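Structure first, then comments.
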Amino acid sequence: QVQLVESGGGLVQAGGSLRLSCAASGSTLSNYAVSWFRQAPGKEREFVAGTSWNGSITSLRDSVKGRFTISRDNAKNTVYLHMNSLRPEDTAVYYCAAVSDTLSRRASDHDYWGQGTQVTVSS
């Protein structure tokens, strides 16, 4: 079983950047595909970005392509979400999640979740 802890959220002005980290413990993160999801108030949780167990396959939602990238360092048991050119509509709680299978964009496929980190983008 793996435990996930997100960090790196905060308040940033539009156009700014943040790097979120998802640190794993209890199990080797290389056993899992990992994705980032986000949930804004009053909205459903949505897929943002995901990476296969070795980083060879990544996926991004259309609205963040060209602005966000996902990477992982299995030696550090950590997955990162690099967010550039942030917009107010990116404001949400960001969660990382792991699945012991192939990369998936569906929240219901993920077995393990972190507690979330707040990202707020001011205009």
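The values are calculated or read from the model by the stated rules, or taken from the named source; none is laboratory data. Computed from a predicted model, the values in this text were never measured in an experiment. Glycine also receives a Cβ, built like all others from the backbone with ideal geometry; neighbour counts cover every protein chain displayed. Only protein heavy atoms, including side chains, enter the accessible area calculation; ligands, DNA and RNA are left aside. Shrake-Rupley method; radii C 1.70, N 1.55, O 1.52, S 1.80 Å.
Express the relative contact order of the chain as a whole percentage, based on alpha carbon pairs under 8 Å and six or more residues apart in sequence.
36 percent
D111 versus R19, label points 7 Å from Cα toward the beta carbon: distance in nm?
With each label point 7 Å from Cα toward Cβ, the separation is 3.0 nm.
Of the accessible area of the chain, with the probe set at 1.4 angstrom, what percent is carbon plus sulfur?
45 percent
What figure, in Å² to the nearest 10, do you get for the accessible area of S59 with a 1.4 Å probe and non-protein molecules left out?
Near enough 20 Å² of accessible area.
Ignoring ligands, DNA and RNA, what accessible area per residue does the chain give at 1.4 Å, in Å²?
I get 50 Å² per residue for this part.
Can you tell me the length gained on complete extension of the stretch Q1 to S100, counting 0.36 nm per residue apart and subtracting the Cα distance?
Contour length minus the Cα-Cα distance gives 34.6 nm.
If the convex hull of the alpha-carbon atoms of region 34-123 is projected onto planes in all directions, what is the mean projected area in square nanometres?
Result: a mean projected hull area of 5.9 nm².
Only loop residues by DSSP count here, and only those with at most 12 other Cβ atoms within 10 Å; note down the trypsin sites (Lys or Arg not before Pro) in region 1-94 that meet that.
Filter output for region 1-94: K43, K65.
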